[in-house]
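The values are calculated or read from the model by the stated rules, or taken from the named source; none is laboratory data. The model shown is predicted, which means the values in this text are computed figures rather than measured ones. With ideal geometry, Cβ positions are generated from the backbone for all residues, glycine too; neighbour counts draw on all protein chains shown.
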Amino acid sequence: MIFAEAVTAVPDYRRFVDTTNAPVLANMTEFGVSPLATVEELASAGVSLVLYPLSAFRAMSAAARNVFTTIRRDGTQQAVIPQMQTRSELYDVLGYHAYEQKIDELFREQATGNR
């Protein structure tokens, strides 16, 4: 796989693909020199894999700054609660209830000697 770094135009990815005859990875990091392109645009240029290395981190950092700014200003996080993931939503993402059920099942088996 070729990590095509600092490509300045989407059609240039096609040149990497055609020249190397290898899978090409596009690094779609914000604030870099490569233009942000859609997965479809990159696929049409022959890109095999697209990497978004800091997108979620940057969004989380901005959200954290907003929360802490609000707490410092208001003395509470109440104003930003609507922006937060609820406990129920977190459990759904993690599959927590299925995990909890499995742990309970394993402890029951251990207590009764069934394995």
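Taken over region 61-77, the residue count meeting the criterion of being outside any helix (DSSP H, G or I) and surrounded by 10 or more Cβ atoms within 10 Å (Cβ to Cβ) is 2. Applying the set (1) surrounded by 10 or more Cβ atoms within 10 Å (Cβ to Cβ); (2) at pLDDT below 95 to LEU54 leaves exactly one unmet item: (2). Candidates VAL33, VAL7, VAL47: the one that is surrounded by fewer than 13 Cβ atoms within 10 Å (Cβ to Cβ), touching a residue at least 24 places away in the same chain (Cβ under 8 Å) and assigned to a loop (DSSP other than H, G, I, E, B) is VAL33.
Of all residues in region 50-60, those satisfying the criterion of being over 18 Å from GLU5 (Cβ atoms) and either assigned to a loop (DSSP other than H, G, I, E, B) or aliphatic (A, V, I, L, M) (or both) are ALA56, ALA59, MET60.
Identify all residues within region 1-37 that are within 25 Å of PHE57 (Cβ to Cβ) and among the polar types (S, T, N, Q); write none if there are none. Result: THR8, ASN27, THR29, SER34. Residues in region 78-95 that are within 12 Å of ALA63 (Cβ to Cβ) and part of a helix (DSSP H, G or I): VAL80, GLN83. For GLU89, state whether it is within 30 Å of GLU5 (Cβ to Cβ) and of a type outside the set (Phe, Trp, Tyr). Answer is no for this residue. Scoring GLU89 on the criteria (1) loosely packed, with under 12 Cβ neighbours inside 10 Å; (2) among the charged types (D, E, K, R); (3) in contact (Cβ under 8 Å) with a residue 24 or more places away in the chain leaves a single failure, condition (3).
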